[in-house]
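Enquirer: I have a structure here, written as structure tokens, and I will follow up with some questions on it.
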Amino acid sequence: MNKSEKEFFKGVISVFLGIIITVFSFYLFFFVLILTDLVIMSFLVFISYCATIIFLILWNNEDSKKVYLLLCVPLICILTGTAIFNYSVYVNKISTIAENKIYYVDGKIYIDHNKLKLTGLDEDENSTLIINNNMPVLDGATALYPLYAAFVQTVYPYEEYFKYFGDFLFNNGTPTAYENLFKGEADIIFCAGPSAQQLEMFNDNNMEVKMILIGREAFVFFVNKENIVDNLTVEEIQGIYSGNIKNWKKLGGNNQRIRPFQRPDNSGSQTMLIRIMRNVPLMKPKRENVSEDMRGIINQVAVYRNFSNAIGYSFLQYSTKLEGNDNIKILSVNGIYPSGESIQDDSYPFSASFYAIYIEKEDKNENIEPFINWILSSQGQLLVSKTGYIPVSGL
């Protein structure tokens, strides 16, 4: 075999080894990903490439450049994929705020694995209303579930109220609750007021919507607890969510681009934001900045993630009590912090009302109005207070 033939075969062998090590590295990438962490995975992939390149350079000087280039392409792909995956793992470890589905284990309520204890009347106090039959079907916002579940626990006649979940008591979130009310699949829903689109749906079908104010809440904005900004004005919030204010530095914060999260259309939170914006156009959010609802509405890809530059919003009770996230900081608005007192006296700018909502019609459930009257009674309003909300009438 002459010299040219030897060089040819060396080149063929080098290319073959390059392909083998490429396939092996991709295999190693996924195999190690399953068994161990990304640091070890990245290290092993890098070492395997370096060892192969060094070997081929020493063994085949003339064709080493070709082999090196052959190996560099998949190496870059693998290391890029590793970096992306490392980032996704980092993102997934960031604390979140999401309206997750409430579920049950052994007869106990859980929200995102945090036990929620329902608050009812004192043990020695009997409810002034007991609905023994034809019980209204209830649905509503996730943030209000502790409240209307406590109503059911007190007024509906059973020892273990969990057996009624799925028959008379639902927790589908604001958009689906309004749809169920429209379709007649719910008798009463407990939500913030309807969006313009939801109200139009009822009006177009000549359906008279009755909204009975039963309590109040605060609509709050929150940031990462390390964010040095503590207060925003209404105009600054409008500036952030219109896209006119893009950096925390303009608001007295660090030089970071603001990452504003939004909620899905027709959710209670998004409806509140639109009202706050008034006539200021709301910016269209990036897909990754729309927080997901518990029912997986289309185009929702991520929960609110507590990035250092993020801002999000929800209702006070949900964000502080149900989620109990210690990594977020509630902001004051116009210098007023959301508290029971500032919500009650309307000094906090974004005090939010919530309602018992039903359709006025001849064949409506006969127990709807007695039930709502009880909610407005001292006992019902006591439960509003004991579950962490602000009652609308004196106790």
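Enquirer: Starting from residues that are surrounded by fewer than 16 Cβ atoms within 10 Å (Cβ to Cβ) and not in a helix (DSSP H, G or I), keep the ones in region 257-279 and report whichever is farthest from the chain's Cα centre (by Cα).
Expert: Applying the filter and picking the extreme gives 279.
Enquirer: Report yes if residue 346 is of a type in the set (Asp, Glu), under 20 Å from residue 219 (Cα atoms), in a loop (DSSP other than H, G, I, E, B) and out of contact with any Ser or Thr (no Cβ under 6 Å at 6 or more places or on another chain), otherwise no.
Expert: Details: of a type in the set (Asp, Glu): yes; under 20 Å from residue 219 (Cα atoms): yes; in a loop (DSSP other than H, G, I, E, B): yes; out of contact with any Ser or Thr (no Cβ under 6 Å at 6 or more places or on another chain): yes.
Yes, satisfied.
Enquirer: While we're on this one: Based on this model, can you work out whether residue 311 counts as at pLDDT 85 or above, over 18 Å from residue 269 (Cα atoms) and aliphatic (A, V, I, L, M)?
Expert: On the way: at pLDDT 85 or above: yes; over 18 Å from residue 269 (Cα atoms): no; aliphatic (A, V, I, L, M): yes.
Against the criterion (at pLDDT 85 or above, over 18 Å from residue 269 (Cα atoms) and aliphatic (A, V, I, L, M)), residue 311 does not qualify.
Enquirer: Are there any pairs, at least 6 apart or on different chains, whose C-beta atoms fall under 6 Å, with the first in region 143-156 and surrounded by 24 or more Cβ atoms within 10 Å (Cβ to Cβ) and the second in a helix (DSSP H, G or I) and modelled with pLDDT under 85, and if so, which?
Expert: What qualifies is 143/318.
The rows are residues; the columns are (1) part of a helix (DSSP H, G or I); (2) touching a residue at least 40 places away in the same chain (Cβ under 8 Å); (3) under 23 Å from the mean Cα position of the chain (by Cα); (4) surrounded by fewer than 20 Cβ atoms within 10 Å (Cβ to Cβ).
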residue: 212; (1), (2), (3), (4): no, yes, no, yes
residue: 221; (1), (2), (3), (4): no, yes, yes, no
residue: 237; (1), (2), (3), (4): yes, yes, yes, no
residue: 249; (1), (2), (3), (4): yes, no, no, yes
residue: 255; (1), (2), (3), (4): no, no, no, yes
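The values are calculated or read from the model by the stated rules, or taken from the named source; none is laboratory data. Being a predicted model, the structure only gives us computed values, none of them experimental. Quick reminder, even Gly has a Cβ in these numbers, built from the backbone with ideal geometry, and neighbours come from all protein chains shown.
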